[in-house]
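Visitor: The structure under discussion is supplied below as structure tokens; questions concerning it will follow.
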Amino acid sequence: MKASLVRWIPATAFRFALARFRGGCQRFRSAMHRWRDSSRRNQRLYLAAKWVVFGGFSGFFAFVAALAGAFLYLNPQLPELETYSNFVHERPLRVFASDGALLAEYGTRRLIPIELEEVPELYVKGLIATEDHRFYSHNGIDWWSLANDMLALLTNPDIRRGASTITMQLPRNIGDLSRERTFIRKFKEMLLALKIERELTKDEILELYINVVPFGKQSYGVQAAAFTYYGKPASELNLAQLAMLAGISKRPEAANPINGPEPALARRNLVLRRMVAQGIIDRIAFEDAVAQPITARVHRRELDLYSPYPCELVRQELVRRFGRQVYSGFNAYTTIVTPQQAAAQNAVRSVLLSYDRRYGWRRQQEQVELDPGTEIRPQLVSALAGRVPLAGLLPVAVLDVQERSITVVDRQDRETAIEWEGIKWAREFRGTDVYSPPPKTADQVVSTGDIVWIREAEEGEWHLAQVPEVQGALVAVDPSHGGITAMVGGFDFGIRQFNHATQARRQPGSGFKPFVYSSALSVGRSPASIYLDAPLRFDNADSAQSYRPRNDSMRYNGPTRLREALYRSINLVSMRVVEDIGYRTVQDHASLFGFEREALPNDAQLAIGGGTMSATPLQMASAYAVFANGGFRVEPHLISYVEDHLGNVVHEPIHPRACEPCTEDATLLEESIQLAELEPDQTFRGATLERSGNVKFVPADRVFDAKHAFLIDSMLRDVVKRGTGSRARQLGRTDLAGKTGTTNEAADTWFNGYHRSVAATAWVGFSTRRSLGENEWGSTRPLSIWIEFMETALEGVEELAVLPPDGIAQVRIDPETGELADPGQPGSILEYLREEDLPKTSKVGERESGLEFEIEELF
């Protein structure tokens with residue numbers, strides 16, 4: 001009964017109200033009809049009023065329909081409100097060297113989040129007074145300001161004021177909406193503002209705005225702007241400085257105190273006037289702040305060493321692992337050693353420029369089309385706009401040409417004189433094996449209006465230069481753990497984003513021979529083993545042609561010891577070694593160093609690093625690190641650990657370390673990993689493992705034992721001591737080893753060398769694989785790069801005494817036969833042999849004066 005009564009009372013009241021409304025409408029209609037019929041004039045007024053009311057209702061319903069249609073059309077295009085309620089601040093990804101030097105920064109926004117309670121009150125009040133003084137009273141849209149701006153637009157279409165509240169500005173500053181000035185964008189802002197106001201509190205909206213609004217100079221948010229312009233936090237800024245920041249957001253790039261000091265000052269004073277008008281500050285504070293000059297200047301941590309090649313690899317790896325999250329303030333700490341990286345970059349650039357100068361001037365300069373009726377200098381400066389320096393080369397335009405000097409101007413309108421010493425090298429380029437006569441006058445090289453490059457040879461002395469076509473690379477690896485300490489992948493990353501250190505797979509040439517000789521040692525051969533250096537012919541059953549390899553010297557030495565064959569880089573001995581021990585033996589052994597077994601050829605080219613074989617400089621450096629560390633396979637890597645913006649370690653890979661005996665922790669880790677279930681993206685050998693406790697490495701696999709390691713190392717030290725790498729002796733050390741590599745027609749030239757503390761590979765060649773020239777070898781340009789790099793890498797490193805391990809004996813042998821020498825035998829030499837190889841080695845042939853050799857046929 002009670003429930004029925006509850007339902008009956010509202011229904012009865014509604015019916016009663018409806019009846020009263022209908023009665024009132026009928027009485028109003030009857031009165032209007034009587035008034036209409038009272039005179040003809042009233043009839044006309046009635047009809048006019050009827051149409052006005054009809055038009056008003058029609059316009060109202062059309063307006064409502066248009067709003068509904070706009071909402072239905074625009075609403076799906078708007079971002080989700082979670083974008084604002086769970087906003088993740090964008091911060092740059094920073095890459096650091098092992099010593100903390102900043103190497104790279106990825107991301108356009110420099111942002112330092114700050115809570116609203118920490119923001120100076122004067123800044124908040126000045127911002128609201130200037131940008132949105134009804135912020136705390138409207139619902140996201142300031143209807144009064146919107147009406148005023150609409151009226152102003154109707155009366156004067158040239159006036160464009162957006163009536164944007166702080167809430168409406170959020171979408172364009174966060175990046176969801178463009179900054180294009182259109183009505184569609186404005187409607188989207190209004191809809192989003194209404195939504196945001198329902199989702200967030202006023203203080204949350206204000207805090208978000210203060211942290212994302214742009215201030216120019218790649219700084220976003222008031223805290224980042226305070227550090228960018230004043231070098232200190234916002235809490236330490238005075239009134240004039242806070243007002244300056246409050247005014248920047250109107251035109252952050254054009255009207256910041258650096259790019260546009262005059263409009264920035266005017267805007268600052270406007271903020272101060274609004275503050276005094278609203279009683280936020282008194283007149284005395286206003287006058288004192290207005291009188292202060294601009295004190296802003298750019299305070300930013302510049303890169304300590306621009307290192308794009310290794311840093312881009314780090315960025316790519318982290319993006320694969322973490323996605324866009326890396327741009328939320330991750331800091332990646334790498335294995336790069338700053339002095340080594342700087343030395344590598346300087347060495348590659350200086351040697352490539354030296355090669356380029358040797359072969360002449362390619363005349364690839366642009367010519368500015370000069371207007372004869374206008375002054376030349378402004379035309380040249382204008383033509384240089386947008387051109388930036390590359391690898392120490394400065395773009396300039398030729399202003400005047402004298403007989404043996406030229407005058408150039410740069411994009412900042414600075415004039416420089418280039419004397420004959422910096423021009424005379426520029427003889428006409430006619431090829432790598434043809435030399436043209438040197439120029440006699442400067443006008444044979446350049447003309448007025450040419451855009452050319454110059455470089456500073458010495459302080460205050462500039463030389464004409466050109467961007468080299470030749471490319472080069474250097475990779476250095478710490479043999480103890482595989483950390484990459486230096487990487488350069490080309491002349492300049494800005495010209496071409498191709499990393500020759502990791503992406504260029506080229507024939508290694510004779511640089512592969514040490515792995516052939518190491519394979520021979522692994523099956524019982526010794527440095528004293530004798531192989532015949534004589535002509536060979538390989539017949540092809542499928543073709544009438546035969547392959548006749550030769551030595552680079554075109555000379556043959558007869559029976560030759562392996563040690564001598566390696567330091568003299570004798571091709572035919574290397575081939576006979578492969579034929580003796582078998583292709584599979586070499587392929588299996590080389591794969592232990594990291595070479596892909598499937599990529600190694602099954603023919604004689606395996607012996608000399610030719611044919612279908614290819615390797616990157618990083619692969620070569622990593623493989624030579626096995627020789628350097630005594631026989632352990634380490635994994636090349638760049639990342640030591642990664643922190644998020646709060647300093648928490650989010651990624652710390654573990655890599656094998658060369659150690660024997662290893663620490664107790666490493667051994668325990670190996671055992672625990674073998675017993676534990678690994679994550680899906682983890683493996684034990686040859687891959688990344690996450691840190692466990694305080695343990696940061698696992699023991700590396702052994703490729704060969706200590707005796708083997710000593711023998712191959714002693715053979716490679718002889719390459720530097722008396723062989724093709726002898727120019728490295730200028731470093732004044734006896735603890736260096738390595739091997740040159742040169743392919744057919746010098747298309748690829750290498751030097752792979754090491755010290756116990758660093759293994760480094762240098763490569764020089766053209767991206768198009770054309771010849772470097774008949775006088776170019778692995779012992780020329782690559783070795784020059786390696787030497788220049790090692791001078792820095794080994795600075796302060798004491799020379800190591802390389803002692804033989806147990807099981808190695810030093811004995812006298814007959815150099816002609818490789819057998820043990822008789823006591824007191826003249827001409828005998830010392831050689832290191834494994835004790836199990838005593839008392840003699842195999843003998844393949846006798847050496848006789850004037851001996852002639854017949855070609856040995858191999859099928």
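Bear in mind that the values in this text are calculations on the coordinates, not laboratory data. Everything quoted here is computed from the prediction, not taken from an experiment. Quick reminder, even Gly has a Cβ in these numbers, built from the backbone with ideal geometry, and neighbours come from all protein chains shown.
Visitor: With a/c under 1.5 counting as rounded, go ahead and sort region 259-337 into rounded, prolate or oblate using the C-alpha gyration tensor (a ≥ b ≥ c being the square roots of the eigenvalues; past the cut-off, prolate if a/b is larger than b/c, else oblate).
Guide: It comes out prolate by the Cα gyration axes.
Visitor: Distance check, please: which entries in K440/K739; K125/K195; K424/K721 exceed 32 angstrom between their Cα atoms?
Guide: K440/K739; K424/K721
Visitor: Pick out, in residue order, every one of the GluC sites (Glu not before Pro) in region 102-144 that is DSSP loop and has at most 12 other C-beta atoms within 10 Å; say none if there are none.
Guide: E115
Visitor: Something else about it: Calculate one ³J(HN,Hα) per residue across region 815-820 by plugging θ = phi - 60° into the Karplus curve 6.51 cos²θ - 1.76 cosθ + 1.60, and present them in order as whole Hz with x for glycine and proline.
Guide: Per residue, the Karplus-derived 3J(HN,Hα) values read x, 7, 10, x, 7, 4 Hz.
Visitor: Which residues' amide hydrogens lie under 5 Å from the amide hydrogen of Y641, considering only partners 5 or more residues apart or on another chain, with H built in the peptide plane?
Guide: It is Y333, by chain and number.
Visitor: Over region 261-410, what is the relative contact order in percent, taking alpha-carbon pairs closer than 8 angstrom and at least six residues apart?
Guide: After rounding, I find 10 percent.
Visitor: For region 356-369, in order, what is each residue's ³J(HN,Hα) by Karplus, 6.51 cos²θ - 1.76 cosθ + 1.60 with θ = phi - 60°, in whole Hz (x at glycine and Pro)?
Guide: Rounded to whole hertz, the list is 4, 5, 4, 9, x, 8, 8, 6, 9, 6, 7, 10, 6, 6.
Visitor: In addition: Write out the GluC sites (Glu not before Pro) in region 425-525 meeting two conditions: DSSP loop, and at most 10 other Cβ atoms within 10 Å of their Cβ.
Guide: Filter output for region 425-525: E459.
Visitor: Compute the Cα gyration tensor for region 372-415, then decide on rounded, prolate or oblate, letting a ≥ b ≥ c be the square roots of its eigenvalues: rounded whenever a/c is under 1.5, prolate when a/b is larger than b/c in the other cases, and oblate in all that remain.
Guide: oblate
Visitor: Of V452, A426, P437, which is farthest along the charge dipole of region 411-478 in the positive direction, counting Lys and Arg as +1 and Asp and Glu as -1 at C-beta?
Guide: After comparing all options, I get P437.
Visitor: Select from P815, L830, L716 the residue farthest towards the positive end of the dipole of region 711-850; place +1 on Cβ of Lys and Arg, -1 on Cβ of Asp and Glu, and compute about the Cα centre.
Guide: Selected residue: L716.
Visitor: Give, rounded to the nearest 20 debye, the magnitude of the charge dipole that region 197-339 has about its Cα centre when Lys and Arg contribute +1 at Cβ and Asp and Glu contribute -1 at Cβ.
Guide: 260 debye
Visitor: Further question: Dipole of region 445-508, Cα-centred, from +1 at each Lys and Arg C-beta and -1 at each Asp and Glu C-beta, to the nearest 20 debye?
Guide: The calculated dipole for region 445-508 is roughly 520 debye.
Visitor: So for region 283-429, taking the charge dipole from beta-carbon charges (+1 Lys/Arg, -1 Asp/Glu), which of L393, V351, L318 sits furthest toward the positive end?
Guide: So the residue we want is L318.
Visitor: What order, most packed first, do the peptides 636-648, 815-827, 511-523 have when packing is the mean number of other Cβ atoms within 10 Å of each residue?
Guide: Per-residue mean Cβ counts within 10 Å order the peptides as 511-523, 636-648, 815-827.
Visitor: So what's the net charge close to Y220: Lys and Arg +1, Asp and Glu -1, counting the other residues with Cβ under 12 Å from its Cβ?
Guide: After counting each charged neighbour, the total is +3.
Visitor: Here is a follow-up. Work out the length of the dipole vector of region 349-393 about its Cα centre, built from +1 on the beta-carbon of each Lys and Arg and -1 on the beta-carbon of each Asp and Glu, and round it to the nearest 20 debye.
Guide: 420 debye
Visitor: Amide H neighbours of E469 under 5 Å, counting only residues 5+ apart in sequence or on other chains, H built in-plane at 1.01 Å?
Guide: none
Visitor: Related question: Going by amide H atoms built from the backbone, whose H comes under 5 Å of the H on D748, apart from near neighbours?
Guide: T743
Visitor: In what sequence, highest mean first, do 733-742, 231-240 appear when ranked by Cβ atoms within 10 angstrom?
Guide: Packing order, densest peptide first, comes out as 733-742, 231-240.
Visitor: I've got another one for you. Taking a ≥ b ≥ c as the square roots of the eigenvalues of the Cα gyration tensor of region 500-589, is the shape rounded (a/c under 1.5), prolate (a/b larger than b/c) or oblate?
Guide: rounded
Visitor: Take each of the peptides 328-336, 650-658, average the number of other beta-carbon atoms within 10 Å over its residues, and list them starting from the highest.
Guide: Result, highest mean first: 328-336, 650-658.
Visitor: Taking only C-alpha pairs under 8 Å that are 6+ residues apart, what is the relative contact order of region 238-293 in percent?
Guide: Relative contact order here is 34 percent.
Visitor: Further question on the same structure: Express the relative contact order of region 225-267 as a whole percentage, based on alpha carbon pairs under 8 Å and six or more residues apart in sequence.
Guide: Relative contact order, region 225-267: 26 percent.
Visitor: Let me ask another. Which ³J(HN,Hα) values, rounded to whole Hz and listed in residue order, are derived for region 438-443 from phi using the Karplus coefficients 6.51, -1.76 and 1.60 in 6.51 cos²θ - 1.76 cosθ + 1.60 with θ = phi - 60°, glycine and proline given as x?
Guide: x, x, 9, 9, 5, 6
Visitor: With each pseudo-label sitting 7 Å past Cα toward Cβ, what's the E419-E117 distance in nm, one decimal?
Guide: 6.8 nm
Visitor: Separate question: Ratio of Rg to Rh for region 212-310, alpha carbon only, Kirkwood?
Guide: On the Cα set of region 212-310, Rg over Rh gives 1.06.
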